[in-house]
Amino acid sequence: MPAEYTPASFDPLSTVQIANTICETFERQPLVSMTDEIPRFEGSGLYALYYRGASVDLYLPLASLQIPVYAGQALSSNTATGEKVRERYPLHSRIKQHRLSIMEGGLPITDFRFRALLLPDVHADLGENALRVGYTPVWNSKLKGFGSKEQGATTRQSKKSKWDTVHDGRRRTHGGVVHDIEKLVAEAEIHIARQVTDYDKLPWPHPATESYLDLDTP
């Protein structure tokens, strides 16, 4: 035994440990095709979107990795008031909205998958934060604006988001285009290259293999 020895410390109920467990469980869930309408399901929780195609050069480096292009949550209660959300299908509705955004943005929906996990709000919160910090998904960080909701022509006159600048086409009200698309794409490419380089540095293990559920298959 060495002259100095200190046992390892492990707190299974620490915030970090719980978040890592959530992410590890989340990444064992199947990847689901977004090609067709997603069958409706009840509940709230954690979700992420992944690129699995070969036609969009910007996202091609992510096509075989667990790195999501976007991570989010859909809660059962309003974070501002604490009141229950009236929607019975908050997680499904959010993913459905994102499916429409991807298609309206001119991206091939056949190239995208989603992963979801029903969770209590507090755990969905922890999981989303861990995924965002661990992976820094490109649509959460460099190309912001994907998850924003349209507020109507009379209330939303803000500048076009970075995501909408690169993936133009969503039916929403914008002010003038102020972002340089070439600069945005270059920044996203650098960011994605860094994500790939740092892929093995996460505190939770990646599954050895991954599969996706094709809803066209009986």
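Whenever a residue of segment 180-200 is under 15 Å from S161 (Cβ atoms) and open to solvent by less than 40 Å² (accessible area, probe 1.4 Å), it has no partner that is of a type in the set (A, V, I, L, M) and at pLDDT below 95 lying with C-beta atoms less than 6 angstrom away and at least six residues away or across chains. Pairing residues of segment 1-25 that are closer than 22 Å to R132 by Cα with residues that are of a type in the set (D, E, K, R), at Cβ distances under 9 Å and at least 6 apart in sequence or on separate chains, gives Q17/D11.
Look at (1) surrounded by 19 or more Cβ atoms within 10 Å (Cβ to Cβ); (2) more than 13 Å from the chain's Cα centre (by Cα); (3) more than 26 Å from R171 (Cβ to Cβ) and you find that L107 fails only one, number (3).
Is it the case that some residue within segment 131-143 is surrounded by fewer than 19 Cβ atoms within 10 Å (Cβ to Cβ), among the aliphatic types (A, V, I, L, M) and either under 30 Å from V177 (Cα atoms) or over 13 Å from the mean Cα position of the chain (by Cα) (or both)? Looking through segment 131-143, at least one residue is surrounded by fewer than 19 Cβ atoms within 10 Å (Cβ to Cβ), among the aliphatic types (A, V, I, L, M) and either under 30 Å from V177 (Cα atoms) or over 13 Å from the mean Cα position of the chain (by Cα) (or both). Tallying residues that are of a type in the set (V, I, T), within 16 Å of V69 (Cα to Cα) and part of a helix (DSSP H, G or I) within segment 98-137 yields 4. Could you look through segment 36-68, keep only residues that are of a type in the set (V, I, T) and modelled with pLDDT of 95 or more, and pick out the one that is farthest from I102 (Cα to Cα)? In this case the residue turns out to be I67. Kindly evaluate T25 against the criterion of being of a type in the set (V, I, T), surrounded by fewer than 18 Cβ atoms within 10 Å (Cβ to Cβ), assigned to a helix (DSSP H, G or I) and under 17 Å from the mean Cα position of the chain (by Cα). For T25, the condition - of a type in the set (V, I, T), surrounded by fewer than 18 Cβ atoms within 10 Å (Cβ to Cβ), assigned to a helix (DSSP H, G or I) and under 17 Å from the mean Cα position of the chain (by Cα) - is met.
Residues of segment 110-130 that are open to solvent by 70 Å² or more (accessible area, probe 1.4 Å) and within 17 Å of G53 (Cα to Cα): T110 alone.
Within segment 62-78, restricting attention to residues that are without any contact (Cβ under 8 Å) to a residue 60 or more places away in the chain and either more than 20 Å from S148 (Cβ to Cβ) or touching a His at 6+ places or on another chain (Cβ under 7 Å) (or both), the residue that is most open to solvent (accessible area, probe 1.4 Å) is S64. With respect to the numbered conditions (1) outside any loop (DSSP other than H, G, I, E, B); (2) open to solvent by 60 Å² or more (accessible area, probe 1.4 Å), which one is the sole condition not fulfilled by Y59? Of (1) outside any loop (DSSP other than H, G, I, E, B); (2) open to solvent by 60 Å² or more (accessible area, probe 1.4 Å), only one is false for Y59: (2).
The values are calculated or read from the model by the stated rules, or taken from the named source; none is laboratory data. Since the structure is predicted, the reported quantities are computational estimates derived from the model, not experimental observations. Note that we place each Cβ from the backbone using ideal geometry, even for glycine, and neighbour counts take in every protein chain shown. Heads up: the accessible areas ignore ligands, DNA and RNA and are worked out on the full protein's heavy atoms, side chains in. Shrake-Rupley method; radii C 1.70, N 1.55, O 1.52, S 1.80 Å.
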